[in-house]
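A short write-up of the structure that comes next.
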Amino acid sequence: MTTHACLNDAAPHPQCSNIQAFRLACFEFQLCLSSDTELPIYKGSIFHGALGQALAHIGTRFRDYFYNPSPPAHWSDAQQAPPRPYILIPPLTDKTRYKAGDTLNLGVVLYGSAIDYFLIVFAALEHLGEFMGLGKQRGRFLIDSVRQLTADGAKTIYQNRRWLGQAQALYAEPFFADTPPSLSCLRLNHSTRLRLKAGNQLLHAAPPFSLLMNRLLGRINALATLYCSGIVITPDEKQHLLDLAETVHIEHSTLQWHDWQRHSQRSQSAMPFGGLLGETVYRGELAPFIPWLALGQWIGVGGKTSFGLGLYELTYSQWSEDEYY
């Protein structure tokens, strides 16, 4: 994923009074297969299930922390499950057959207090690779290296079974440093399936910008409430942005619905996993939304984000309209 927001020191943005308390940590695990295996085209599902099983081997309290978080007493929506404190960014390749010696890159993003459990996630992946394996063939793997995104760029913190550094939090505040003074056009490339509901129905077309921002800001606030130090945008500030978002329109979209099913080990049944893939170009007064959308690249939007769904790439420039097509 790419972002135009710089990651240097910056002053707080006026519309996010508590944004300095929101922190995340982004890791890329390079996994080297030590045996042959076959994996599905979309690998987020198999990694999601396998990691949960590996965490349970280490301790059920760790699995529950990551996979079944308990809502706090002040949780506002009893019907809505609280978000999990992580997302997986699976290898986005159609390759399904792997040989011993092949590598896979798995991204893991942790939020707030979950960063303190990074070594638990590492131990779970290590256990998964050495003793459990992936896929029906139980393909084993070793962790070759771990890279982390920092304010100074990507750094290797683990390689050749040696630790070279420690996990560091990346604070959200710098995403608000380089907001353009004005912007009329941006593009979102949805690299993994977008599952967004309106009226309790999954959308099968490009979402209105106001709906997309409503869901994204709500998710950021929910993560901040559970795992950081409270909401990062107040209801009044959020409503101001959503009112402005109503004036933004869809200029062009290639989003199409892609059906998909995954096999659930828990229920031993196939579960629908479809969503929208493609690009959407939005036009309007977009500068105030850039920091939130840039941060959202590391958070995802819509349903099944912990599986790696709802990821997108944001691009924008002072280009002419023709350059978007």
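The values are calculated or read from the model by the stated rules, or taken from the named source; none is laboratory data. Computed from a predicted structure; not experimentally measured. Methodologically, a virtual Cβ is constructed for each residue, glycine included, from the backbone with ideal geometry; neighbour enumeration extends over all protein chains shown.
When the residues of segment 178-201 are filtered to those that are in a loop (DSSP other than H, G, I, E, B) and touching a strand residue (DSSP E or B) at 6+ places or on another chain (Cβ under 9 Å), which remaining residue is farthest from residue 253 (Cα to Cα)?
Narrowing segment 178-201 to residues in a loop (DSSP other than H, G, I, E, B): 178-184, 195-196, 199-200.
If we keep only those that are touching a strand residue (DSSP E or B) at 6+ places or on another chain (Cβ under 9 Å) too, we end up with 180, 183-184, 195-196.
Values: 180: 24, 183: 19, 184: 16, 195: 16, 196: 16 Å.
The qualifying residue farthest from residue 253 (Cα to Cα) is 180.
Do any residues in segment 225-253 that are touching a residue at least 60 places away in the same chain (Cβ under 8 Å) and farther than 30 Å from residue 278 by Cβ have Cβ atoms under 8 Å from those of residues that are of a type in the set (D, E, K, R) and assigned to a strand (DSSP E or B), where the two are at least six apart or on different chains, and which pairs are they?
Filtered contacts from segment 225-253: 228/23.
For segment 111-143, which residues satisfy the criterion of being assigned to a strand (DSSP E or B) and more than 23 Å from the chain's Cα centre (by Cα)? It would help to see each step written out before you state the result.
Applying the first criterion (assigned to a strand (DSSP E or B)) to segment 111-143 yields 111, 134, 139, 141-143.
139, 141, 142, listed by residue number.
It is to be established whether one or more residues within segment 193-210 are surrounded by fewer than 20 Cβ atoms within 10 Å (Cβ to Cβ), under 22 Å from the mean Cα position of the chain (by Cα), at pLDDT 95 or above and of a type in the set (S, T, N, Q).
Taking every residue of segment 193-210 in turn, at least one turns out to be surrounded by fewer than 20 Cβ atoms within 10 Å (Cβ to Cβ), under 22 Å from the mean Cα position of the chain (by Cα), at pLDDT 95 or above and of a type in the set (S, T, N, Q).
What number goes with the only condition from (1) outside any loop (DSSP other than H, G, I, E, B); (2) loosely packed, with under 13 Cβ neighbours inside 10 Å that residue 94 does not pass?
Result: residue 94 fails condition (1) only.
Determine if segment 160-171 includes at least one residue that is crowded, with 16+ Cβ neighbours inside 10 Å, under 30 Å from residue 38 (Cα atoms) and either of a type in the set (A, V, I, L, M, F, W, C) or not assigned by TED's automatic domain parsing to the domain that holds residue 212 (or both).
Scanning segment 160-171, I find no residue that is crowded, with 16+ Cβ neighbours inside 10 Å, under 30 Å from residue 38 (Cα atoms) and either of a type in the set (A, V, I, L, M, F, W, C) or not assigned by TED's automatic domain parsing to the domain that holds residue 212 (or both), so the answer is no.
It is to be established whether one or more residues within segment 119-132 are under 30 Å from residue 57 (Cα atoms), at pLDDT below 95 and small (Gly, Ala, Ser).
Within segment 119-132, the first condition is being under 30 Å from residue 57 (Cα atoms), and the residues that meet it are 119-132.
Still in the running and at pLDDT below 95: none.
No, the conditions are met nowhere in segment 119-132.
Can you pull out every residue in segment 152-177 that is out of contact with any helix residue (DSSP H, G or I) (no Cβ under 7 Å at 6 or more places or on another chain), under 19 Å from residue 24 (Cα atoms) and assigned to a loop (DSSP other than H, G, I, E, B)?
Once the filter is applied, which keeps residues that are out of contact with any helix residue (DSSP H, G or I) (no Cβ under 7 Å at 6 or more places or on another chain), under 19 Å from residue 24 (Cα atoms) and assigned to a loop (DSSP other than H, G, I, E, B), segment 152-177 yields 152, 165, 166, 168, 177.
Residue 231 - would you say it is within 27 Å of residue 115 (Cα to Cα), out of contact with any Gly (no Cβ under 8 Å at 6 or more places or on another chain) and either in the same structural domain as residue 314 (by TED's automatic domain parsing) or assigned to a loop (DSSP other than H, G, I, E, B) (or both)?
Numbers: within 27 Å of residue 115 (Cα to Cα): yes; out of contact with any Gly (no Cβ under 8 Å at 6 or more places or on another chain): yes; either in the same structural domain as residue 314 (by TED's automatic domain parsing) or assigned to a loop (DSSP other than H, G, I, E, B) (or both): yes.
Judged against the criteria, residue 231 is a match.
Is it fair to say residue 134 is in the same structural domain as residue 164 (by TED's automatic domain parsing) and surrounded by 14 or more Cβ atoms within 10 Å (Cβ to Cβ)? Show your work before the answer.
On the way: in the same structural domain as residue 164 (by TED's automatic domain parsing): yes; surrounded by 14 or more Cβ atoms within 10 Å (Cβ to Cβ): yes.
Yes; evaluated as a whole, the condition is true for this residue.
Determine, yes or no, whether residue 199 is of a type outside the set (S, T, N, Q) and without any contact (Cβ under 8 Å) to a residue 40 or more places away in the chain.
yes
With respect to residue 204, is the statement that it is over 22 Å from residue 297 (Cβ atoms), in contact with a Phe, Trp or Tyr (Cβ under 9 Å, 6 or more places away or on another chain) and either assigned to a loop (DSSP other than H, G, I, E, B) or in the same structural domain as residue 275 (by TED's automatic domain parsing) (or both) true? So that I can check it myself, show each step before the final result.
Working: over 22 Å from residue 297 (Cβ atoms): yes; in contact with a Phe, Trp or Tyr (Cβ under 9 Å, 6 or more places away or on another chain): yes; either assigned to a loop (DSSP other than H, G, I, E, B) or in the same structural domain as residue 275 (by TED's automatic domain parsing) (or both): yes.
For residue 204, the condition - over 22 Å from residue 297 (Cβ atoms), in contact with a Phe, Trp or Tyr (Cβ under 9 Å, 6 or more places away or on another chain) and either assigned to a loop (DSSP other than H, G, I, E, B) or in the same structural domain as residue 275 (by TED's automatic domain parsing) (or both) - is met.
Mind listing whichever residues of segment 155-191 are aromatic (Phe, Trp, Tyr) and touching a Leu at 6+ places or on another chain (Cβ under 6 Å)?
Kept after step one, since they are aromatic (Phe, Trp, Tyr), are these residues of segment 155-191: 158, 163, 171, 175-176.
The answer is 175, and nothing else.
What number of residues within segment 305-325 satisfy the criterion of being at pLDDT 95 or above and charged (D, E, K, R)?
Matching residues across segment 305-325 total 1.
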